[in-house]
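This report refers to the structure that appears directly beneath it.
The values are calculated or read from the model by the stated rules, or taken from the named source; none is laboratory data. What you are looking at is a predicted structure, and each value in this text was computed from that prediction instead of being measured. In this analysis, Cβ positions are derived from the backbone assuming ideal geometry, glycine residues included, and neighbour counts consider all displayed protein chains.
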Amino acid sequence: MAAPSAPRNPGMMQLVLDLRKNGVAPAIIDIMEKTPREMFVPQAFQDRAFENAALPIGHHQTISQPLVVAQMTEALELSDRCKVLEIGTGSGYQAAVLAPLCRRLYTIERHRNLQDEAIKRFEALRIHNITTRCGDGSKGWPEQAPFDRIIVTAAAIDIPPVLVDQLAVGGIMVVPIGDDQHDQRLVKVVRREDDTKITDLGWVRFVPFVEGEAPA
């Protein structure tokens, strides 16, 4: 007789229902259901790990709301051939969701402690296609450019031209724009031969995009 399967986490079940109600693609929901968000949340917030809400992770940073993670992931239109750049590793949750959908993910975090903890989580989850760097995300990762996709997980005042330059023609960048937490819009930028196509994806709330590496 086969062993009984482990009961599903009620919090995760509710989160999956919320994502379905909001029209998230089944493939992305499947990945998020398999990604243990509780691993990416500080101990003090473990009881809220499956809430559809952003939570603090230290250094005035947050782990994004699961619905926003799903929407940004979907907007990237990833394939297993994509080379992706993420600006703002944070706890590593968004990267862990992206990794199964792309060929290679490069992610930059300005806070060394956050980067170190994210690396430990990637190793524990046996995610092997992520390369991390501690540094200034506003400069991108020119040595690895061009990228097929770029995702920015902090709100920039405007679309960063340096990052557009590191985007391949036909590539997609998803970035929150706005200098006020109450007036930010998520935009999708498609780089074309001679210009960019910009699509507004709706209202969001992110921490500000800060230039420079954080002090040790």
Please tell me if ILE172 is modelled with pLDDT of 95 or more, hydrophobic (A, V, I, L, M, F, W, C) and over 25 Å from ASN113 (Cα atoms).
yes
GLU143: over 27 Å from ALA53 (Cβ atoms) and either β-branched (Val, Ile, Thr) or in contact (Cβ under 8 Å) with a residue 24 or more places away in the chain (or both), yes or no?
no
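Can you tell me which residue is nearest to MET39 (Cα to Cα) among those in the range 109-118 that are surrounded by fewer than 16 Cβ atoms within 10 Å (Cβ to Cβ) and not acidic (Asp, Glu)?
Result: ASN113.
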Single match in GLU74, GLU33, GLU38, GLU86 (criterion: touching a residue at least 40 places away in the same chain (Cβ under 8 Å) and either surrounded by fewer than 23 Cβ atoms within 10 Å (Cβ to Cβ) or polar (S, T, N, Q) (or both))
GLU74
Can you tell me which residue is surrounded by the most Cβ atoms within 10 Å (Cβ to Cβ) among those in the range 124-164 that are at pLDDT 95 or above and in contact with a Phe, Trp or Tyr (Cβ under 6 Å, 6 or more places away or on another chain)?
ILE130
Which of the residues spanning the range 116-140 are touching a helix residue (DSSP H, G or I) at 6+ places or on another chain (Cβ under 6 Å), in a loop (DSSP other than H, G, I, E, B) and touching a residue at least 60 places away in the same chain (Cβ under 8 Å)?
none
Considering only the range 160-198, how many residues are part of a strand (DSSP E or B), more than 19 Å from LEU78 (Cβ to Cβ) and of a type outside the set (S, T, N, Q)?
3
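For every residue, the table says whether it meets (1) part of a helix (DSSP H, G or I); (2) in contact with a Pro (Cβ under 8 Å, 6 or more places away or on another chain); (3) not hydrophobic (A, V, I, L, M, F, W, C).
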position: ASP30; (1), (2), (3): yes, no, yes
position: GLU33; (1), (2), (3): yes, no, yes
position: ASP47; (1), (2), (3): yes, no, yes
position: ILE57; (1), (2), (3): no, yes, no
position: THR62; (1), (2), (3): no, yes, yes
position: VAL69; (1), (2), (3): yes, no, no
position: GLU74; (1), (2), (3): yes, no, yes
position: LEU78; (1), (2), (3): no, no, no
Take the conditions touching an Asp or Glu at 6+ places or on another chain (Cβ under 6 Å) and either within 18 Å of ALA95 (Cα to Cα) or free of Cβ contacts under 8 Å to residues at least 12 places away in the same chain (or both) and apply them to ILE151. Does it pass?
yes
